[in-house]
Amino acid sequence: MKVSFITLGCRLNQYEGVEMQELLEEKDLKIVPFPEKADIYVINTCTVTSKSDYDCRQTIRRAIRSNKEAFIVVTGCYPQTNHGEIARLPGVDLILGNEEKLDIYDYLKRLGVIREDSRNRALKRGDPYIAVDRLLKGNKGVKSKEINRFQGHIKAFLKIQTGCNLNCSFCIVRLSRGHSRSEGIENIKRQVENLINRGFKEIVLSGINLGSYGRDLSPNAELSDLLKILLNINGRFRIRLSSIGPREVSDKLIDIIASSESICNHLHIPLQSGDDHILKKMRRDYDSRLYNNLIERLKKRIPDIGIGADVMVGFPGETDKMFDNTYRFVKDLPITYLHVFTFSPRKGTDAFNLPDRIPKGIGKERSSLMKRLGREKSLEFRRCYLNKELEVLIEESRDKDNGLLNGYSDNYIPIFLDGLDSLKNTLVKVKIMEIREEGIAIGEGL
Ligand code: SF4
């Protein structure tokens with residue numbers, strides 16, 4: 001039986017997508033790329049913005065068009081927060097929440113799609129079968145499965161934590177992922193060893209609120225404790241941290257990043273706004289002073305660190321002055337790249353009911369101003385590396401446009417170089433020969 005699989009959204013969701021694929025392959029189902037014709041389609045969704053919901057609905061319809069007889073499974077954050085809306089889409093057969101992902105094979109058996117006598121058949125259902133757990137406070141630990149590959153990737157995302165105990169007013173993720181839970185240290189160590197033995201050169205530790213890692217474990221632990229243990233693993237590899245909250249970047253964590261060659265000098269620290277009034281309305285757990293002090297401490301301790309930030313523009317009530325505060329705040333800080341989002345009202349969040357929505361046109365304008373600032377800051381940072389050396393992990397595939405090898409430095413600069421295929425999936429020292437306007441750096445292998 002063929003299963004066509006697609007995952008939308010964040011690194012954690014990508015990881016869970018690979019978990020489900022490997023689980024089904026171990027049961028002798030054949031995974032084919034989406035939307036190749038198949039007997040079963042699995043759409044692993046994201047719901048972070050209304051645009052994500054729209055993209056997911058489009059993807060589900062595309063799957064149904066690809067084979068009207070196929071059995072359609074929808075899982076992930078969209079049904080976790082709104083399975084009623086998915087159930088109203090004609091042609092969906094099975095709806096699973098985030099906690100039910102690793103039970104997908106059992107549900108396919110229970111619904112007679114997979115049969116003991118192997119006379120499997122895609123049984124279309126009138127109404128979808130819905131299995132979505134309510135993510136109760138009592139849930140302990142992280143449901144996970146060891147993975148062995150990341151299609152086309154030379155770096156592997158690794159889920160070490162899920163959920164979040166904070167309460168940002170605009171955020172639907174905490175509703176789709178529940179409270180914070182951590183994977184056990186021994187499990188993570190074994191998974192990293194397995195991935196290193198399989199040739200991965202970079203492990204991206206991923207979570208929803210990564211910095212809260214270990215607080216629910218007994219005995220408690222911290223992210224820096226986990227890193228110390230992972231650094232003892234043999235092999236030449238690097239560890240990258242995915243997004244981490246400003247309050248979660250402790251001095252211990254900064255010290256371990258600064259003192260280790262194997263942990264990437266790169267942190268992605270969501271800012272959202274540089275205006276304290278807006279930060280308060282967002283219910284973020286820090287103010288601009290805390291964020292500013294953190295970035296200065298980081299730059300002082302690790303001068304060549306790459307620092308990325310999420311910025312949300314157009315939050316309800318954001319005046320021109322408040323936007324300007326954010327713009328100046330970002331401009332003055334040594335942040336090296338930005339991910340810019342426009343506020344997306346999410347049903348079920350408190351910000352959804354806030355008055356003073358910002359007109360779309362103004363939101364667009366602020367977004368393009370902030371994106372331009374992000375490009376300027378990124379170019380400024382990369383120019384510092386002209387004629388300097390950086391180490392790059394060369395990706396599996398060459399760039400489609402220029403045919404060059406490419407990859408990221410540890411401080412998250414995308415670098416292109418001319419070279420042989422034998423360099424793919426290796427850590428290579430390069431000298432930066434050119435910085436192009438669009439920001440890419442051209443290197444020469446050393
Ligand atoms: S920190 Fe805030 S934005 Fe991030 S997942 Fe938690 S509640 Fe959502």
Query raised in the report: Cβ under 9 Å from Gly314's Cβ, Gly314 left aside: what net charge do those residues give with Lys, Arg +1 and Asp, Glu -1?
Result: +3
**Report entry** For the chain, share of DSSP beta bridges that run antiparallel, in % to the nearest 5
**Finding:** 30 percent
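Run the numbers on region 389-445 and let me know its relative contact order in percent, using alpha-carbon pairs under 8 Å that are six or more apart.
RCO, region 389-445: 36 percent.
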Report task. Please list, or write none, the lysines whose alpha carbon is within less than 16 Å of the alpha carbon of Lys400, excluding same-chain residues fewer than 8 places away. Result -> Lys424
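Hey, what's the chain come to in accessible area per residue, 1.4 Å probe, Å²?
Accessible area per residue: 45 Å².
How fast does the chain diffuse by Stokes-Einstein, in µm²/s, taking the Kirkwood radius from C-alpha pairs at 10 °C and 1.306 mPa s?
Details: Rh = 23.3 Å.
In µm²/s, the coefficient is 68.
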Report summary line: Among Lys27/Lys155; Lys155/Lys228; Lys159/Lys364; Lys37/Lys124; Lys201/Lys300, the pairs whose Cα-Cα distance exceeds 23 Å are Lys27/Lys155; Lys159/Lys364; Lys201/Lys300
Report summary line: So, over other residues within a Cβ distance under 12 Å of Leu294, counting Lys, Arg +1 and Asp, Glu -1, the net charge is +2
Report summary line: Carbon plus sulfur, as percent of the 1.4 Å-probe accessible area of region 2-133, comes to 46 percent
Report task. If a cysteine in the chain has no other Cys Cβ under 4.7 Å from its own Cβ, put it on the list, ordered by number. Result -> Cys10, Cys46, Cys56, Cys77, Cys164, Cys264, Cys384
Query - Under-5 Å amide H pairs with Lys347, H placed in peptide plane, nonlocal only - result: none
Report summary line: Along the dipole axis of region 137-264 (charges at Cβ: +1 for Lys and Arg, -1 for Asp and Glu; origin at the Cα centre), the most positive-end residue among Leu210, Ile257, Phe150 is Phe150
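The values are calculated or read from the model by the stated rules, or taken from the named source; none is laboratory data. Values in this document were obtained by computation on a predicted structure and should not be read as measured data. Neighbour counts are summed over all protein chains in view; Cβ atoms, including those assigned to glycine, are modelled from backbone coordinates with ideal geometry. Only protein heavy atoms, including side chains, enter the accessible area calculation; ligands, DNA and RNA are left aside. Shrake-Rupley method; radii C 1.70, N 1.55, O 1.52, S 1.80 Å.
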